[in-house]
Amino acid sequence: MAMATSPHALLLKNPNLTPLKNPNFNNPITTTNTNTRFNLTTKPISIKCAATSQTQTPIQAPLQTQSHQDRVFNFAAGPATLPEKVLLKAQSELYNWRGSGMSVMEMSHRGKEFLSIIQKAESDLRTLLNISDDYSVLFLQGGATTQFAAIPLNLVNPNDTVDFIVTGSWSDKAFKEAQKYSKPSTIWSGKSEKYTKIPSFHDLEQNPDAKFLHICANETIHGVEYKDYPSPKNGLLVADMSSNFCSKPVDVSKFGLIYAGAQKNVGPSGVTIVIIKKDLIGNAQEITPVMLDYKIHADNKSLYNTPPCYGIYMCGLVFEDLLDQGGLVEVEKKNKKKAEILYNAIDGSNGFYRCPVEKSVRSLMNVPFTLEKSELEAEFIKEAAKENMVQLKGHRSVGGMRASIYNAMPLAGVEKLVAFMKDFQARNA
């Protein structure tokens, strides 16, 4: 059986090796130049280390089997829990992807193997969201935050007016970044009411010359979600869908551009997806960096430079899983059921738990809540973690708790959380 040879054995075979002192051992270890050829099939030999005689034998890692019992219910806002089936599939293909002799992490992004991966991922996403050929689908990097700059750089000129509805932290950040590359106007802000509402669309005073209207479809931090979408006066609606992307059906034709970080609902961190109407591509401002120019990425089919290959592969597996579940109509049904159970527990607690968001716009993905006795919040999070429910602490900017219950959060996870909440209330009311 082949085995690694100890440095001591090499010293016996080649007396020209130079011994170095290792502070952790009484015996010398050795180094050699790159011309030395090691025989890795030498038989085990007995050597003396200090006063102990040992025989060198190969170290074999124990085979480990894991079950769902080894995993926690992860309520993190992103990176977030992934479907167990997807993780196990990725695990089985990690070392040798489908007989290719290599891992996806090792593939050339221009090789036929990876081309088949990214092409299928795009095809499945188009099927899920019924994306027409009028739109390009781009797999990019830099997170949705990078798109805060890329969007005005690609869609408008520096002096053009653009409208923003600010319903939370993320739409506010998008507005602030747009100030560098356009003339944004906040036509409505929920800041004065601590971002707990979405405006009535017919009351919006849009600028008649605004080139686009920007919204954040689901505010991850504040738990506010659009249930319908406004109609911009010029017909160009732009939406950040990072935290509810592929959680329900969406009529893509209503939008000029949709963008989303993958790390909440459809994959690991590192992939950003942009769905953009083709006739909007090709008009970037002169100062636009090449990596932010949609035309560059569309012309090169998201392969202008090395993309986040493994992340795209994982997104592809998630898209397959969503299709296997029956598509986004079925996925939305599951998400509604999970959210209903959790919100009912909050609303039925006689004020012990509170969700500040207006009921009609509560997010199906991110559920913020506080305790009537705020001094108990740290204990709640601590005890929940002992029960294998983690990442329930609210965002640092708002405090309290937040349960993110994305597509991959199983119903059992929400049911366990609700049971814990009721028990915690009984002990601390």
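The values are calculated or read from the model by the stated rules, or taken from the named source; none is laboratory data. Just so you know, these numbers come straight off a predicted model, no measurement behind them. No Cβ is skipped: glycine too gets one built from the backbone with ideal geometry, and neighbour counts run over all protein chains shown. Side chains are part of the model used for accessible areas, which takes the heavy atoms of the whole protein and leaves out ligands, DNA and RNA. Shrake-Rupley method; radii C 1.70, N 1.55, O 1.52, S 1.80 Å.
Here are some notes:
- Greater than 27 Å apart at Cα, pairs in LYS112/LYS264; LYS386/LYS422; LYS264/LYS393: LYS112/LYS264
- Each Cα pair under 8 Å and six or more residues apart adds its separation to the average, and for the stretch 296-380 the resulting relative contact order is 18 percent.
- Label-point separation in nm, THR186 to GLU375, each point 7 Å along Cα→Cβ: 3.6
- FRET efficiency for ALA426 and LYS194, using Cβ-Cβ distance with R0 set to 22 Å, rounded to 0.05: 0.15
- Bridge orientation summary for the stretch 84-325: considering DSSP beta bridges with both residues in this region, about 45 percent are antiparallel.
- Couplings 3J(HN,Hα) for the stretch 389-400, derived from phi with the Karplus relation 6.51 cos²θ - 1.76 cosθ + 1.60 (θ = phi - 60°), are 10, 10, 6, 9, 6, x, 4, 4, 7, 10, x, x Hz, where x marks Gly and Pro.
- Peptides 133-142, 341-350 ranked from most to least packed give 133-142, 341-350, packing being the mean of other C-beta atoms within 10 angstrom over each peptide's residues.
- Top positive-direction residue, dipole computed over the stretch 84-325 with Cβ charges, set LEU125, LEU257, GLY101: GLY101
- Amide proton proximity set for ASP160, modelled H, under 5 Å, gap of 5+: LYS183
- Taken about its Cα centre, the stretch 283-429 carries a charge dipole of about 360 debye when Lys and Arg each add +1 at the Cβ and Asp and Glu each add -1 at the Cβ.
- Solvent-accessible area, 1.4 Å probe, carbon plus sulfur percent, for the stretch 84-325: 48
- Annotation: amide H-H contacts under 5 Å for ASN366 (H modelled 1.01 Å from N, sequence separation of 5 or more, or interchain): ILE405.
- Dipole magnitude (debye, nearest 20) for the stretch 84-325, charges at Cβ of Lys, Arg, Asp, Glu: 200
- For the peptides 232-240, 298-306, the ranking by packing is 232-240, 298-306, with the highest mean count of neighbouring Cβ atoms within 10 Å listed first.
- Which of GLY270, PHE245, ALA284, positive extreme of dipole for the stretch 84-325 (C-beta unit charges): GLY270
- Cα shape, the stretch 270-415, gyration tensor, a/c 1.5 rule: prolate
- Calculated SAXS-style log₁₀ I(q)/I(0) at q = 0.07, 0.09, 0.13 Å⁻¹ - the stretch 84-325, Debye, Cα scatterers: -0.24, -0.39, -0.79
- Annotation: per residue accessible area for the stretch 84-325 equals 43 Å², rounded to a whole number [probe 1.4 Å, protein chains only].
- Shape call, the stretch 223-347: gyration tensor on alpha carbons, a/c limit 1.5: oblate
- Integer Hz, Karplus 6.51/-1.76/1.60 couplings in order for the stretch 190-204, x for Gly and Pro: x, 4, 5, 10, 6, 6, 10, 9, 10, x, 6, 5, 6, 8, 6
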